[in-house]
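K.L.:
Below is the structure I would like to discuss, written out as structure tokens.
Read-outs throughout are calculated quantities, based only on the coordinates presented, and are distinct from any laboratory measurement. Since we're looking at a predicted model, the values are computed, not measured. Reconstructed Cβ throughout: ideal geometry from the backbone, glycine too, with neighbour counts over all protein chains shown.
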Amino acid sequence: MARVATRSIDLESIDRLEEKVKLLVGVVERLRSDAVRMSDENSRLGRELEAARSRVAAAEGSSAEISSLREERELIKSRVDEMLAQIESLNL
């Protein structure tokens, strides 16, 4: 009878171990799935960040171009004002 009781205890501990291993396998599978999902999300965010950086660079370039065009416009305006003043001084 002692032998049956020992065998029953051994099976209970093996059953508990089996349950723990199954739970651990489930956790590992979830972690792997989460890792894949996070990797995909990281890649997507990296692409979005690169696109945003490109837009910022384009906006900075446009801003510099606008500034340059404004300076050019002011220069042309002052030259036209000088020419108009010279024409008026001719008293035609």
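K.L.:
Find out how many positive minus negative residues lie around V56, taking Lys and Arg as positive, Asp and Glu as negative, among other residues whose Cβ is under 14 Å from that of V56. If you can, show how the numbers build up before the last one.
P.N.:
Details: positive: R53, R55; negative: E48, E50, E60.
Its environment carries a net charge of -1.
K.L.:
What net charge do the residues around K77 carry, taking every other residue with its C-beta under 11 Å from that of K77, with Lys and Arg at +1 and Asp and Glu at -1?
P.N.:
Summing Lys and Arg as +1 and Asp and Glu as -1 gives -2.
K.L.:
Still on this model: Before rounding to the nearest 500, sum -39500 (n - 2.57) across all DSSP H runs of length at least 4 in the chain and divide by the residue total; then give [θ] at 222 nm in deg cm²/dmol.
P.N.:
-36500 deg cm²/dmol
K.L.:
Calculated from the structure, Rg/Rh (Cα atoms, Kirkwood Rh) equals which of (i) 1.03; (ii) 0.92; (iii) 1.84?
P.N.:
Computed from these coordinates, Rg/Rh (Cα atoms, Kirkwood Rh) corresponds to label (iii).
K.L.:
Against the longest alpha carbon principal axis of the chain, how many degrees, from 0 to 90 and to the nearest 10, is the axis of helix 2-89 turned?
P.N.:
Helix 2-89 and the main axis of the chain meet at about 0 degrees.
K.L.:
Dipole of the chain (Lys/Arg Cβ +1, Asp/Glu Cβ -1, origin at the Cα centre): which of S78, V28, S13 lies farthest to the positive side?
P.N.:
My answer, from the dipole projection, is S13.
K.L.:
How far apart, in nm, are the 7 Å Cα→Cβ label points at R32 and A51?
P.N.:
3.1
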